[in-house]
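No value in this document is a laboratory result; all are computed from the given coordinates. Worth saying up front: this structure is predicted, and the values here are computed from it rather than measured. Please note: Cβ atoms are built from the backbone with ideal geometry, for glycine as well, and neighbour counts cover all protein chains shown.
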């Protein structure tokens with residue numbers, strides 16, 4: 001080895017060593033959150049957390065943020081709203097975290113909003129729906145693609161009306177997220193003078209849906225908008241398959257949580273055909289952005305070890321995107337000042353693996369990127385089929401559209 | 001919106017649902033009703049059985065009911081072991097009274113839940129069988145075949161247990177230990193062994209009940225929480241220890257729930273069930289069929 005090469009190599013090692021020492025010596029930037037590890041939301045919570053962990057590992061591999069390693073402090077909230085206030089008080093007052101990420105979903109997030117507003121804390125939302133609408137916290141930013149409150153119901157009812165639907169049935173779980181969702185559907189229907197012929201909320205832990213579906217069928221609606229949670233969605237679809245829903249139903253679905261998760265999709269298999277439901281990310285060409293493919297390559301490998309959703313389309317990339325937005329804000333403001341970070345997040349558009357994200361004043365997306373997609377050609381017991389395009393045909397938004405609605409619902413199921 | 005058609009449909013589905021509730025409660029009727037063991041882990045045992053059935057169905061493609069039968073001996077042994085641990089650590093020392101016995105079974109329930117999560121993850125699991133996802137058409141009516149299967153099996157299971165407890169020597173011994181443990185001891189029998197055997201039977205029954213649970217709907221590790229109220233409600237409403245009463249109370253509960261779900265709005269269903277329990281207890285504190 002030439003002397004110059006040796007010296008160059010030695011210097012490089014010294015600089016790298018010094019750099020890692022600096023990274024190690026600085027206290028880490030602590031990001032605190034609760035996440036559903038058990039309970040009905042755990043399937044989503046674990047996948048979301050894996051997405052955030054992949055971002056943490058990527059950012060730490062690049063040298064961290066402000067020269068400091070990023071550390072996640074995560075507690076299990078058991079999918080329960082009663083757990084999160086105490087957990088977040090602990091994260092702020094005992095663990096002294098620098099930044100807060102919200103737990104996955106609406107129910108555990110809703111009780112945190114008064115707390116973060118009172119303390120003036122930045123909270124990165126994680127797939128909750130309209131939790132800030134009444135609180136009005138100006139340091140809340142939701143990573144979900146929902147957009148304006150009524151866009152979700154509007155897009156579904158648009159599709160139903162275009163298919164000739166005139167009357168509406170609403171079936172909803174009796175909890176925060178589903179109620180927020182169905183409330184906007186009621187408002188949109190009222191604005192459009194659309195008669196609501198069936199409107200029922202069912203309690204959590206409902207075991208059997210046959211009776212409810214029978215009553216719904218008797219009301220003879222044209223459009224059936226369902227906002228359900230994962231444990232119920234499978235029960236509802238099974239009952240629909242057995243009891244039938246009527247030939248007049250043009251479109252069925254809308255806001256069923258669970259039909260985005262690999263295990264539920266795989267379990268339901270062909271029962272999914274014809275259902276039009278919301279989603280956030282699908283393996284269609286229009287949904288790939290810089291870093292998306294690389295993210296899913298890593299996720300697919302780590303999901304096996306972590307025993308989480310093998311597809312991870314619904315939540316994981318948005319967990320990663322949440323990290324990317326914080327990363328951009330910290331780098332741009334060169335600080336962890338929460339007000340400064342909030343201002344940056346509000347004033348700028350952010351480049352992420354799920355596409356560009358810009359926020360409106362309420363901390364939700366300026367423009368909805370929630371897709372409504374129809375399940376087609378799904379077969380039983382094959383999770384891998386969902387990795388290919390065409391199994392969920394995008395009907396909305398227009399710019400991502402990959403096909404047209406097949407209606408009525410009974411025809412679409414064949 | 002009321003119609004006779006809807007009401008009739010609700011009653012039929014309610015009877016089917018009620019028989020299913022009876023199947024998942026009948027083990028508790030023995031352990032809690034007859035043996036006076038505060039078995040709050042009963043629904044967790046039930047969910048564990050469902051996962052056992054899922055594993056056999058998934059790995060060997062065995063029909064869920066046969067898988068339920070296959071795990072029954074294992075659950076019998078599991079029941080023997082669980083009671084022995086409970087007896088040695090609580091009952092023998094006289095420390096089973098009040099919340100301590102309940103805490104023991106709550107602990108077991110949480111351990112089972114965590115073990116299921118570690119082994120199977122948190123996602124929903126379901127089984128496949130020819131009778132799942134299809135309906136029996138009767139004119140305008142459609143009845144899910146999985147519910148008919150659950151109805152038939154639950155009915156057979158409850159009748160079998162009622163006959164066993166009233167007609168066989170061991171069954172009568174179990175009833176005797178529930179009535180007067182001391183008198184049984186004076187007659188030279190070992191009440192602890194009888195109670196252990198009875199607890200084994202109560203747990204073994206869960207093999208079949210667990211199969212019905214996963215046939216009726218997908219399961220997830222925390223599903224036991226949804227059944228803890230219902231199963232205790234059925235057993236208390238029936239009158240502690242009454243097996244035939246458990247069937248009738250479960251059918252009453254199922255029909256009431258189904259009618260409310262169909263005709264009055266789903267939100268009221270849990271309230272109506274527990275309101276019925278309160279009314280029954282106010283009128284007959286010993287339950288519908290309790291002595």
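Which value in Å is the Kirkwood Rh of segment A:191-335 over different Cα pairs?
Radius from the Kirkwood sum: 17.8 Å.
Distance in nm between label sites at residue B:284 and residue A:134, each 7 Å beyond Cα in the beta-carbon direction?
Taking the two extended label points, one gets 4.4 nm.
Work out the mean other chain Cβ neighbour count within 10 Å for the residues of A:308-317 and drop it here as an integer.
Per-residue shielding by partner chains comes out at 1.
Please compute, for peptide B:139-146, the average count of beta-carbon atoms on other protein chains lying within 10 Å of each residue's beta-carbon.
3
Identify the residues of segment A:29-62 with backbone N under 18 Å of a label point that sits 7 angstrom from the Cα of residue A:305 along the Cα-to-Cβ direction, or state none.
Output list for this probe position: A:46-62.
Can you give the average number of partner chain beta-carbon atoms within 10 Å of each beta-carbon in peptide B:122-135, as a whole number?
Taking the mean over all residues of the peptide, I get 6.
Calculated from DSSP H runs of 4 or more alone, at -39500 (n - 2.57) each and per residue, what is the 222 nm mean residue ellipticity of the protein assembly as shown, nearest 500?
Rounded to the nearest 500, it is -17000 deg cm²/dmol.
If you wrap a convex hull around the C-alpha atoms of chain B and split its volume per residue, what is the figure in Å³?
Convex hull of Cα atoms, per residue: 136 Å³.
Over chain A, what is the relative contact order in whole percent, taking alpha-carbon pairs under 8 Å and six or more residues apart?
Relative CO of chain A lands at 18 percent.
Compute the helix-to-body angle for A:292-306: its Cα long axis versus the longest principal axis of chain A, expressed 0 to 90° and rounded to tens.
Here the helix axis deviates by roughly 90 degrees.
Cα-based Rg (one decimal) and Dmax (whole number) for segment A:234-289, in Å?
Every Cα atom of segment A:234-289 included, Rg and Dmax give 12.7, 42 Å.
Quick one: helix A:176-191 against the long Cα principal axis of chain A, what's the angle to the nearest 10°, folded into 0 to 90?
Compared with the principal axis, the helix lies near 50 degrees.
If you take every DSSP beta bridge fully contained in the protein assembly as shown, what fraction is antiparallel? Give it as a percent rounded to 5.
Around 30 percent of the beta bridges assigned by DSSP in the protein assembly as shown are antiparallel ones.
Under the 0.36 nm per residue contour assumption, what length would be gained going from the current alpha-carbon distance of residue A:361 and residue A:73 to full extension?
So the chain would gain 100.8 nm between residue A:361 and residue A:73.
Just to be sure I understand the curve: with the Debye formula and one point per C-alpha of chain A, what is log10 I(q)/I(0) at q = 0.10, 0.12, 0.13, 0.14 Å⁻¹?
-0.67, -0.94, -1.08, -1.24
With the cut-off at 1.5 for a/c, could you classify segment A:303-408 from its C-alpha gyration tensor as rounded, prolate or oblate?
Oblate, since a/c reaches 1.5 and b/c is not below a/b.
Would you mind listing how long the protein assembly as shown runs along its three principal axes, going by Cα atoms, in whole Å with the largest first?
Over the protein assembly as shown, Cα extents along the principal axes are 97, 66, 51 Å.
Could you tell me which of rounded, prolate or oblate describes segment B:1-74, using a ≥ b ≥ c as the square roots of the eigenvalues of the alpha-carbon gyration tensor, with rounded for a/c under 1.5 and, failing that, prolate when a/b is larger than b/c and oblate otherwise?
Here segment B:1-74 falls in the oblate category.
Determine the relative contact order of chain B: mean sequence separation of Cα pairs under 8 Å and six or more apart, normalised by residue count, in whole percent.
Here the relative contact order equals 39 percent.
Between segment A:377-414 and segment A:292-311, how far is it from one alpha carbon centroid to the other, in angstrom?
Here the two parts' Cα centres lie 23 Å apart.
What does the highest-first list of B:16-25, B:229-238 look like by mean Cβ count within 10 Å?
So the order, starting with the most tightly packed, is B:16-25, B:229-238.
Could you work out how far helix A:230-243 tilts from the main Cα principal axis of chain A, as a 0 to 90 degree angle to the nearest 10?
20
Specify whether the C-alpha gyration tensor of segment A:72-137 places it in the rounded, prolate or oblate class, a ≥ b ≥ c being the square roots of the eigenvalues: rounded for a/c under 1.5, otherwise prolate if a/b is larger than b/c and oblate if not.
Cα axes put segment A:72-137 in the oblate bin.
Just want to confirm a number: the relative contact order over segment A:59-128, from Cα pairs under 8 angstrom separated by 6+ residues, in percent.
Answer for segment A:59-128 is 29 percent.
I'd like the distance between the alpha-carbon centres of segment A:125-171 and segment B:148-218, rounded to an integer number of Å.
With segment A:125-171 and segment B:148-218 each reduced to a Cα centre, they are spaced 51 Å.
Give or take rounding to whole Å, what are the principal axis extents of the alpha carbon atoms in segment B:1-158, in descending order?
61, 38, 28
Suppose the Debye formula is applied to equal point scatterers at every Cα of segment B:143-291; what is log10 I(q)/I(0) at q = 0.08, 0.09, 0.13 Å⁻¹?
-0.27, -0.35, -0.71
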